[in-house]
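Bear in mind these aren't lab numbers, they're just calculated from the coordinates by the rules spelled out. Just so we're clear, the structure is a prediction, and the values are computed from it rather than from any experiment. Please note: Cβ atoms are built from the backbone with ideal geometry, for glycine as well, and neighbour counts cover all protein chains shown.
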Amino acid sequence: MRKVGKPVIRILGISGSARRRSYNTALLEAAKELLPEGAALEVYDVSVLPLYNQDIEVEIPAPVMRFKEEIRRAEAVLFATPEHNYSITAVLKNAIEWGNRPVEDNSWDGKPAAIMSASTSPRGGARAQLHLRQIMVDLNMYPINKPQLLVARAQENFDANLKLTNSEFREILRTLLISLTEWTLRLRGSA
């Protein structure tokens, strides 16, 4: 990429975990260190959003309005999700619902996206990633397919300060961010 004075790709990072010591939020922090030149990542805490309820979408709550505006401003989205019950978490599903509602105001529409996950299980969140890809079809999002970042046995790959220490996973994350940036440029028509 050519050198520029300010970021050209604004990525919105969303963790599907509300835990204080979340491996998935830590993955987003590692992503900040590994961004390609010309990209910026802002992590949004979706745990502050009220529980989605169609009755209150008539007057969208202020935290939801701010969230939807952040989605619109972003040129790409980076999801980091644990796996709960073979799927994404309630926190992430709630954020997705608010971003997609009301029906005529899908903030996710047309956004390039990437998915990564960390889990203490040996699968690394593979089923959550698959389910999130299915959801993205309805959202009209454009996820990249490869590389896939599935940090299995996360407790062995982060240190006590939640820094991603596994060099192989760090390299996959770097490649994932490059792919997301290139995909975003391609979809934008300026690659």
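Looking across the stretch 108-139, just one residue is touching a Ser or Thr at 6+ places or on another chain (Cβ under 7 Å), within 12 Å of Phe79 (Cβ to Cβ) and assigned to a loop (DSSP other than H, G, I, E, B), and that is Gly125. Among the candidates Ala31, Ala74, Ala113, the residue that is over 17 Å from Leu139 (Cβ atoms), surrounded by 14 or more Cβ atoms within 10 Å (Cβ to Cβ), in contact (Cβ under 8 Å) with a residue 60 or more places away in the chain and not β-branched (Val, Ile, Thr) is uniquely Ala31. Criterion applied to Pro36, Pro50, Pro63 was being farther than 18 Å from Asn100 by Cβ and surrounded by fewer than 19 Cβ atoms within 10 Å (Cβ to Cβ), and the one residue passing it is Pro36. For the condition within 26 Å of Arg174 (Cβ to Cβ) and touching a strand residue (DSSP E or B) at 6+ places or on another chain (Cβ under 8 Å), Thr120 does not qualify. The residue that is nearest to the chain's Cα centre (by Cα), counting only those in the stretch 155-174 that are within 14 Å of Leu28 (Cα to Cα) and in contact (Cβ under 8 Å) with a residue 24 or more places away in the chain, is Leu173.
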